[in-house]
């Protein structure tokens, strides 16, 4: 299995560059397509979050302490199988490269790490959703909406309102 996905691991590593130490085929994942784990001597997600909070805005001193992470993929997951096929057919496909970025950044979140740029991640997710939804709902005709226009007043002056007079009653006299 590792040999079958070695080209895909190299392709993903090339795309992610210095953000990961390596990409491995996982034997511990069952339902997730991937996971991000700290390297052997690296900080855990919780430790990284604590140290980032302690730095009070200056994260430059933390960069040398944070280790690169190991990106593990699940070869049994449908997303990874499709990425494997994309790697073999067209490794320069922009949609496949975008999928790698989204997988990495969502695995950061699910593994407890904080994404470097959450706004960029949400933009990528919205683009991917738009692409996925375009084929599904774009071809279906929209149901006709009944027009609900208010009736036009017959005159330009507003109708006078009459107030209803309500007499107070004792609690025992209520019906």
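The values are calculated or read from the model by the stated rules, or taken from the named source; none is laboratory data. None of these values were measured; they are calculated from a predicted model. Cβ sites come from the backbone with ideal geometry, for glycine too, and all protein chains shown count toward neighbours.
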- Query: When both residues are 6+ apart or on different chains and their Cβ atoms are under 8 Å apart, which pairs have a first residue that lies in segment 104-121 and is on the phi > 0 side of the Ramachandran plot, and a second that is in a loop (DSSP other than H, G, I, E, B)?
  - Reply: 112/44
- Filtering helices (runs of 4 or more DSSP H) wholly in segment 59-147 for at least 2 residues that are at pLDDT below 90 and under 21 Å from the mean Cα position of the chain (by Cα) gives 118-137
- Those residues of segment 14-27 which are under 15 Å from residue 83 (Cβ atoms), in a helix (DSSP H, G or I) and touching a residue at least 12 places away in the same chain (Cβ under 8 Å) amount to 15, 16
- Item | Qualifying positions in segment 28-54 - in a loop (DSSP other than H, G, I, E, B), surrounded by 14 or more Cβ atoms within 10 Å (Cβ to Cβ), touching a strand residue (DSSP E or B) at 6+ places or on another chain (Cβ under 8 Å) and at pLDDT 80 or above | 29, 33
- Item | All positions within segment 93-107 that are over 15 Å from residue 120 (Cβ atoms) and surrounded by fewer than 16 Cβ atoms within 10 Å (Cβ to Cβ) | 93, 94, 95
